[in-house]
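These notes are about the structure you will find just below.
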């Protein structure tokens with residue numbers, strides 16, 4: 001658990017009940033920032049990377065299936081949380097459209113008294129030169145090569161992408177912040193797959209270099225609870 005202590009601090013303990021949720025199925029567009037809805041395509045289906053805030057915070061929201069997934073996640077969280085006062089539930093989300101819309105649906109399902117909070121520390125991994133490219137093993141630069149590099153070096157990343165270490169630091173900072181501000185409450189963090197894999201790896205004692213080795217991977221609107229010993 002050396003990495004846990006490195007990023008969260010020696011002896012760190014959660015003072016709240018903390019859940020992490022990935023966004024629902026999303027749509028994106030490769031044509032322009034102002035493209036109409038008719039030109040947009042499902043990014044999870046088309047496997048297009050939208051990782052920079054200039055694009056990710058604008059048009060690229062949930063498709064209908066993604067909205068259904070978010071609603072189901074809200075209902076599941078309601079079961080997991082149990083009879084907790086609506087004043088004791090806090091939802092914090094990445095400001096990307098796909099996460100914000102997911103969080104808004106969960107918020108409307110749980111109806112907490114605290115307004116939805118947005119936090120840039122929960123943003124998608126910046127994929128650098130790979131942003132807006134299709135995901136395939138033949139693409140150049142290659143996302144799969146990036147993940148392979150993660151296994152060898154968490155401190156740097158190829159193709160101007162964000163490193164695992166940088167993501168671990170910013171995600172941990174969010175956890176420490178909400179842990180202090182919302183002690184004794186239920187906190188739900190809505191984010192993206194790589195950042196959540198990296199954060200979850202810290203809590204389960206998996207080396208950060210193996211963050212993509214988690215089984216099962218965190219899929220659309222999957223829920224995990226963070227637990228400290």
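The values are calculated or read from the model by the stated rules, or taken from the named source; none is laboratory data. Given the structure is predicted, the values throughout are model-derived calculations rather than measurements. Cβ placement follows ideal geometry from the backbone for every residue including glycine, while neighbour counts extend to all protein chains displayed.
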Flag if residue 23 is in contact with a helix residue (DSSP H, G or I) (Cβ under 8 Å, 6 or more places away or on another chain) and either modelled with pLDDT of 90 or more or at positive phi (or both): yes
Out of 146, 189, 202, 206, sole residue that is within 19 Å of the chain's Cα centre (by Cα), farther than 25 Å from residue 104 by Cβ and touching a residue at least 60 places away in the same chain (Cβ under 8 Å): 202
Hits in the stretch 154-186 - residues which are out of contact with any helix residue (DSSP H, G or I) (no Cβ under 6 Å at 6 or more places or on another chain), assigned to a loop (DSSP other than H, G, I, E, B), closer than 22 Å to residue 5 by Cβ and in contact (Cβ under 8 Å) with a residue 12 or more places away in the chain: 183
Residue 141 part of a loop (DSSP other than H, G, I, E, B), surrounded by fewer than 18 Cβ atoms within 10 Å (Cβ to Cβ) and modelled with pLDDT of 90 or more: no
